[in-house]
Amino acid sequence: YLRAYDPVFLKYGFTYCVKNGELSRCVLCNEILANESLKPSKLQIHFETKHANYKDKDLDFFKRMSQNLEASQKTFERAITVQEQALRASYLVSYRLAKSKKAHTVAEVAIDMCTALIGEKEAATLKTIPLSNDTVHMRICDMSNDVEQQLTKRLCSCDYFALQLDDRGG
């Protein structure tokens, strides 16, 4: 059965970490222990063997360490989110450019428009989106390969399929 985190564990230097159930995270070394380790005796063993030099620290010290750990993780998650959003935006712009058959450098126009209408600070956010000619080309190739792989996978799993061709020249 899954054990529950108890705030008393903070005196051993452990806070909780929600990741497929409640786990314990050491605020000193950031090690995550399995749910079976949510026993005071096991937490104390970890504390005494790895962090014996902190045995005289009071509960406020561990609270501060826990808050610092949470703050640093939020900063890290926010940075990842911005990177993920920029990557997603790069693919969306690449998709639109491929669909419209426009030059890849058209994406830079958005930055110029943002600078003129909204401001330099907001335009700087747009500049984090990878939109160079080579990057857009690579994204379009990635999406094309993905569509081809999906189609091939679906066709391979079918017993029968039909093709309809248009013989008109284009």
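The values are calculated or read from the model by the stated rules, or taken from the named source; none is laboratory data. Nothing here was measured: the structure is a model prediction, and the numbers come from that model. Note that we place each Cβ from the backbone using ideal geometry, even for glycine, and neighbour counts take in every protein chain shown. What goes into the accessible areas is simple: the full protein's heavy atoms, side chains included, and nothing from ligands, DNA or RNA. Shrake-Rupley method; radii C 1.70, N 1.55, O 1.52, S 1.80 Å.
Scanning the range 83-97 for residues that are open to solvent by 40 Å² or more (accessible area, probe 1.4 Å) and of a type in the set (A, V, I, L, M) turns up Leu87, Leu92, Val93.
Condition first: open to solvent by less than 50 Å² (accessible area, probe 1.4 Å) and under 14 Å from Cys29 (Cβ atoms). Now tell me which residues in the range 53-66 satisfy that. Spell out the reasoning first.
Just the residues of the range 53-66 that are open to solvent by less than 50 Å² (accessible area, probe 1.4 Å), to begin with: 61-62, 66.
Result: Phe62, Ser66.
Is it the case that some residue within the range 125-142 is farther than 20 Å from Arg88 by Cβ and free of Cβ contacts under 8 Å to residues at least 60 places away in the same chain? Outline the logic, then answer.
Restricting attention to the range 125-142, the residues satisfying the condition of being farther than 20 Å from Arg88 by Cβ are none.
No, the range 125-142 contains no residue that is farther than 20 Å from Arg88 by Cβ and free of Cβ contacts under 8 Å to residues at least 60 places away in the same chain.
At least 2 residues being modelled with pLDDT of 85 or more and under 30 Å from Asp6 (Cα atoms) is the threshold, and among the helices (runs of 4 or more DSSP H) wholly inside the range 45-139 those reaching it are 59-100.
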